[in-house]
Amino acid sequence: MQLTPVLRMLGSTLALLFLLVVLGTVVPRPVTAPAEAAVQGETQILLLANPIHTDIALPVDDEVRAAFADIIPAGLPVDMPGVEYLIIGWGGRSFYIETPTWGDIRPLPVLKALTVDRSVLHVSVAGQIDQDHPSVRVLTISKDGRSRMIEAIRASFVRDAGVPVPIPGAAYGLDDAFFEAHGAFNAFVGCNTWTASMLRVAGLRTGWWTPLPQLLDLSIDLHHSS
């Protein structure tokens with residue numbers, strides 16, 4: 001009998017969470033679709049996803065090289081021949097840095113990811129990306145929208161004397177680096193909500209709250225007409 005109130009509370013919590021997930025996906029943000037002038041032209045970016053995380057892949061051109069030239073001293077060769085994409089994601093410091101693969105999952109980073117942690121930006125460079133891969137989604141945005149997104153991403157970096165602050169020794173390999181980022185990470189405001197906010201800056205609509213890649217992807221299907 002003592003478990004009945006606990007089970008009732010658990011059931012109510014789960015029902016509320018389910019309702020928030022549904023509304024967060026179905027309700028668009030912004031409510032009114034943004035208008036982009038046709039003369040601005042169009043360009044494409046990539047949305048990369050795994051079961052719990054999303055990244056934005058920007059095709060590298062002169063604008064991207066100029067905007068992110070200040071991360072080159074951290075060992076990221078944005079200007080190197082053969083680099084076709086700059087890949088950027090935001091996340092919790094402990095889990096993001098300490099979990100390069102699923103086999104590296106440990107309790108403390110998971111606990112921090114489910115509560116509150118400092119945030120970081122993970123930046124990597126890549127060559128050709130298979131756009132037909134199931135984890136890759138091609139998104140079409142205006143050129144002005146991409147410029148706004150680039151500025152918003154740049155504003156996410158913590159800077160020292162105007163330069164992004166790298167985290168010493170934090171990397172998965174030779175083609176990536178971690179940087180200090182603005183904002184606190186938690187289970188409700190996480191990597192996928194940051195990605196969604198960058199997409200909205202670029203002129204796309206997403207769901208109001210999309211904490212998982214699958215929900216973000218579904219919300220784009222619902223609210224973005226390409």
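Read the figures in this text as sums done on the coordinates, not as results from a lab. Just so it is clear, the structure is predicted and the values come from calculations on it, not from any experiment.
Can you give the three extents of the C-alpha atoms in the range 40-223 along their principal axes, from longest to shortest, in whole Å?
Extents along the principal axes: 46, 40, 31 Å.
Jot down the per residue volume, in cubic angstrom and as a whole number, of the convex hull over the alpha-carbon atoms of the range 101-171. Could you put the intermediate results ahead of the total?
Working: hull volume 13.1 nm³, N = 71.
It is 184 Å³ per residue.
Across every pair of different alpha-carbon atoms, what Kirkwood hydrodynamic radius in Å does the range 116-217 reach? Provide the component values of the computation, followed by the final result.
Working: mean 1/r = 0.0657 Å⁻¹.
When all Cα pairs of the range 116-217 are included, the Kirkwood radius is 15.2 Å.
Just to be sure I understand: if I project the alpha-carbon convex hull of the range 163-226 onto a plane and average over all orientations, what area do I get in nm²? Could you put the intermediate results ahead of the total?
Details: hull surface 24.4 nm².
Result: a mean projected hull area of 6.1 nm².
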